[in-house]
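Accompanying notes for the structure given below.
The values are calculated or read from the model by the stated rules, or taken from the named source; none is laboratory data. It should be emphasised that the depicted structure is a prediction, and the values quoted were computed from it without experimental measurement. Because the Cβ atoms are built from the backbone with ideal geometry, glycine has one as well, and the counts that use them run over all protein chains shown. Just the protein is used for accessible areas: all its heavy atoms, side chains included, with ligands, DNA and RNA removed. Shrake-Rupley method; radii C 1.70, N 1.55, O 1.52, S 1.80 Å.
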Amino acid sequence: MNLSEIDIDLAPFIDHALLAPVATPEMVDQWCEDADRFGFASVCVNPVYVRQAANLLHNAKPKVCTVIGFPYGATTSAVKLYEAREAAENGATELDVVINIGWLKAGRMNDVHREIAEIRDETGQTIKAILEMGLLTESEKRLAAEACMDAGVAFLKTSTGLFGGATVEDVRLLKEIAKDLVGIKASGGIRTAEQALELIMAGATRIGTSRGPDLIRQREG
């Protein structure tokens, strides 16, 4: 089937991301306005802008998402937990947490699990574990996904976008592992509606992109 013929509304899948280091308060205003206007799932901003986004989207449909331990996942567990608690207190209801990739590669799966579970338990918010799949072997991808699911995450997320973007193959692998028990967020390098649709057809339930409005316009065009 031609992807252009697939009748899927992209907007409810999109986490409208503004994570660039040059993001300004004015840009946060625009991203929140776009998220509300198009009906995106969330707006995803850096922690410093969570309170602003929460105020702007108060009583609106899009959720406020932020990133924890971004982008490398290598801050201490105590720092990640503090960051997550503060984000939740400031109004974030979804937390995209970068796992400690070094621990994963060293076989310290109990530490990977504990860190994610603690953030989940202490905040009570929706946790999306960022696995950074471009840096992992297939066996590591499976170990990471299984540990994070066991820790209580709501979503498995492919990547930050810094070390390779989302691929159909990785989304299919996560869908196989998840067995529909958790959501799958494809993120990184998604610039076209066609890419987004391919990932959704492969099993993605969220799409992380900074180009949400562009994707919607491409579908309308």
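Taken about its Cα centre, the chain carries a charge dipole of roughly 220 debye when the Cβ of each Lys and Arg holds +1 and the Cβ of each Asp and Glu holds -1. For residue 218, neighbours were defined as the other residues whose beta-carbon sits under 11 Å from its Cβ, and their charges (Lys and Arg +1, Asp and Glu -1) total +1. Along the axis of the charge dipole computed for the chain (Cβ charges of +1 for Lys and Arg, -1 for Asp and Glu, origin at the Cα centre), the listed residues 117, 155, 17 are led at the positive end by 117.
Residues whose amide H lies under 5 Å from that of residue 184, counting only those 5 or more places away or on a different chain, are 156, 205, 206; hydrogens are built 1.01 Å from N in the peptide plane. Each residue of the range 201-209 was assigned a 3J(HN,Hα) from its phi angle through the Karplus curve 6.51 cos²θ - 1.76 cosθ + 1.60 (θ = phi - 60°); the sequence is 5, 7, x, 5, 10, 9, 10, x, 7 Hz, with glycine and proline shown as x.
Neighbours of residue 134, meaning other residues whose beta-carbon lies under 13 angstrom from its beta-carbon, give a summed charge of -3 when Lys and Arg score +1 and Asp and Glu score -1. Each part gets one Cα centre, and for the range 53-68 versus the range 189-221 those centres are 21 Å apart. Scanning residues 5 or more positions from residue 126 or on other chains, those with amide H under 5 Å from its amide H are 95, with H placed 1.01 Å from N in the peptide plane. Applied to the range 69-82, the Karplus parametrisation 6.51 cos²θ - 1.76 cosθ + 1.60 on θ = phi - 60° returns per-residue 3J(HN,Hα) values of x, 7, x, 9, x, 10, 6, 5, 4, 5, 5, 4, 5, 4 Hz, with x for Gly and Pro. Couplings 3J(HN,Hα) of the range 144-151, computed from phi: 4, 4, 5, 5, 5, 4, 5, 7 Hz, in residue order, whole Hz [Karplus 6.51 cos²θ - 1.76 cosθ + 1.60, θ = phi - 60°; x for Gly and Pro]. The residues packed around residue 202, meaning those with a beta-carbon under 12 Å from its beta-carbon, carry a net charge of -2 if Lys and Arg are +1 and Asp and Glu are -1.
Per-atom-type breakdown for the range 77-188 gives carbon and sulfur 48% of the accessible area (1.4 Å probe, protein chains only).
Note on residue 48 and residue 22: their simple-model spin labels are 1.5 nm apart, each label 7 Å out from Cα toward Cβ.
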